[in-house]
Structure formats: C-alpha cells, structure tokens
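The values are calculated or read from the model by the stated rules, or taken from the named source; none is laboratory data. Computed from a predicted model, the values in this text were never measured in an experiment. For neighbour counting, all protein chains shown are included, and Cβ atoms are generated from backbone atoms with ideal geometry for every residue, glycine included. SASA here: full protein model, heavy atoms, side chains in, ligands and nucleic acids out. Shrake-Rupley method; radii C 1.70, N 1.55, O 1.52, S 1.80 Å.
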Amino acid sequence: MLRSYFRVALHNLRKDWSFSILNIFGLAIGLAVCLLISLFVLDEFSYDRYNEKADRIYRVVSNIHLNGNGITSNFGPAPMGPALVMDYPQIEKAVRIRYQDRGEMRVRMGAEKIMESNAVFADSTLFDVFSLPMIAGNPHTALVEPYTMVISEHIAKKYFSGTDILGKTLVADDTTTYKITGVIKDMPAQSHFHFDFIRSMSEKKFNGGGRWVNFFLLPTC
C-alpha cells in the first residue's frame, strides 16, 4: 500500500516538476518561519525565569507630575525601598540598584586602565530578591560593608585567573579600592539585568542621602 502511494507521488512530481519544486520550496520556507517564530517566542518568555521568585518580584516605577507635566520613570528616590518595606507588611524585601555613569566603570590593574560595563551599586538585600548563585562568599553579608564588591565568574577569571579571590582588591575609577567579598555565576543571557561588578550601596555618596527628591535608583520589591 505504501509503495503504491510513493509511486503515485513520484509520478505526480515528475509530471509537473517545476510546480512541485515551487510547492516544496514554499512549504520548507513556511515551516522554517514557523520554527523561528516559535523559538523567538520561547526565548522572550524565558526572560528572568531563572529567578526563583520571579512571580513575586516587582519593579517600582515613578509617576511624577510637576507644573502640569507628567513623567513616568523606572527610577525612584533613595528612601522609597525602605519606606515600602516599613509601611506595607506584604512587601518582604526591597533592593535598590543604581547604574553610575550608564553602568561603566574604569578598573585599574597596575599601570593599565580598563573600561568595563555592567557595573552597579546595590543594597545587601540584592541576593534576597534575585537568584544570583554565589561561587564564593556569603550572600547575606557580601554587600553590607561600604567599599565591598561582588563580581561575576568571568570577571574573576579575567582579573585574577580564578574564583578563589575573597579578600583581594580592585581599584575602580582610579581612586577607590574595593574588597572582593563574593563571586557570582555569570547571569544568563535571558535577563533584563546583567551584573558583572556589584558595589555596596552603603557608600554615603551613592545611597541618596535619604532625600526623596533624588530620582536615580531602581527600586525593586
């Protein structure tokens, strides 16, 4: 039975081969396009799924109205995170993240100066909100003290040729020395955030000074 079906199919293909090739070519393109669209959709829906608490994490946005003008921004004032935790019992944790100079940071290694990206300041609660597995260090204490830094795995290997580097230092922006207190695994590509250098938010000059009029932080709860 199957052999007869194949014979009929081959006969029809030979009978009008140009039309058959056109149909087969169109079918192949259609299947390829459907496959690519499916892969794209799956990739989009996989963003931030690495976070174990993804369904409970929210980014706080600001709606500002001044002199009749409205501004919507994902930045917020420094006191907002702690105030939300204090006033709303349903909010368990809040973390503030700041991108200084568009996330760029200059690292000094001896006489060499290297411009790096994906550098942020963050609260010590960062690891309570986001799933950032640590290779070395304690996530509960890594960013508590000022002038401490957590770096990604590939950055650790780039500058120190390994991940057993707790207590070592990096000099950022020519003048500030940071102690390495943790190394995290490289973040997946399907993430809205990519952190390679995480500096402690406890530095006074970068924590907003408790002023509600400073809108430069990304509060997340």
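Within the range 55-65, the set of residues being of a type outside the set (D, E, K, R), closer than 24 Å to residue 90 by Cα and not in a loop (DSSP other than H, G, I, E, B) comprises 62, 63.
Taking the numbered list (1) part of a helix (DSSP H, G or I); (2) at pLDDT 65 or above in turn, residue 12 passes all entries but (2). Here is a check on your reading of the model: is residue 130 open to solvent by less than 30 Å² (accessible area, probe 1.4 Å) and closer than 12 Å to residue 199 by Cβ? When the stated conditions are applied, residue 130 does not pass them.
For (1) under 44 Å from the mean Cα position of the chain (by Cα); (2) within 30 Å of residue 133 (Cβ to Cβ); (3) open to solvent by 100 Å² or more (accessible area, probe 1.4 Å); (4) at pLDDT below 85, each residue gets a yes or a no:
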residue	(1), (2), (3), (4)
1	no, no, yes, yes
39	yes, yes, no, no
50	yes, yes, no, no
59	yes, yes, yes, no
63	yes, no, yes, yes
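No other residue among 97, 135 is open to solvent by 40 Å² or more (accessible area, probe 1.4 Å) and touching a helix residue (DSSP H, G or I) at 6+ places or on another chain (Cβ under 9 Å) apart from 135. Would you pick out the residues in the range 55-98 that are free of Cβ contacts under 8 Å to residues at least 60 places away in the same chain, touching a strand residue (DSSP E or B) at 6+ places or on another chain (Cβ under 6 Å) and hydrophobic (A, V, I, L, M, F, W, C)? Residue satisfying the conditions is 71 alone.
Remark: pairs (first residue in the range 174-192, more than 14 Å from residue 120 (Cβ to Cβ); second residue of a type outside the set (A, V, I, L, M, F, W, C) and part of a loop (DSSP other than H, G, I, E, B); Cβ separation under 6 Å; 6+ apart in sequence or on different chains) = 180/168; 183/163; 185/133; 188/50; 190/46; 190/47. Looking across the range 149-176 at every residue that is assigned to a loop (DSSP other than H, G, I, E, B) and touching a strand residue (DSSP E or B) at 6+ places or on another chain (Cβ under 7 Å), the one that is least open to solvent (accessible area, probe 1.4 Å) is identified as 165.
Filter the range 181-221 for residues that are of a type in the set (A, V, I, L, M) and at pLDDT below 85; which is nearest to the chain's Cα centre (by Cα)? By that ranking, first place goes to 218. Please verify whether the range 34-54 includes one or more residues that are assigned to a strand (DSSP E or B) and out of contact with any strand residue (DSSP E or B) (no Cβ under 6 Å at 6 or more places or on another chain). No, the range 34-54 contains no residue that is assigned to a strand (DSSP E or B) and out of contact with any strand residue (DSSP E or B) (no Cβ under 6 Å at 6 or more places or on another chain). Residues that are under 23 Å from residue 132 (Cα atoms), in contact with a strand residue (DSSP E or B) (Cβ under 8 Å, 6 or more places away or on another chain) and open to solvent by 40 Å² or more (accessible area, probe 1.4 Å) within the range 101-111 comprise just one, 104. Considering only the range 160-173, I want to know if a residue exists there that is polar (S, T, N, Q) and out of contact with any Asp or Glu (no Cβ under 7 Å at 6 or more places or on another chain). Scanning the range 160-173 turns up at least one residue that is polar (S, T, N, Q) and out of contact with any Asp or Glu (no Cβ under 7 Å at 6 or more places or on another chain).
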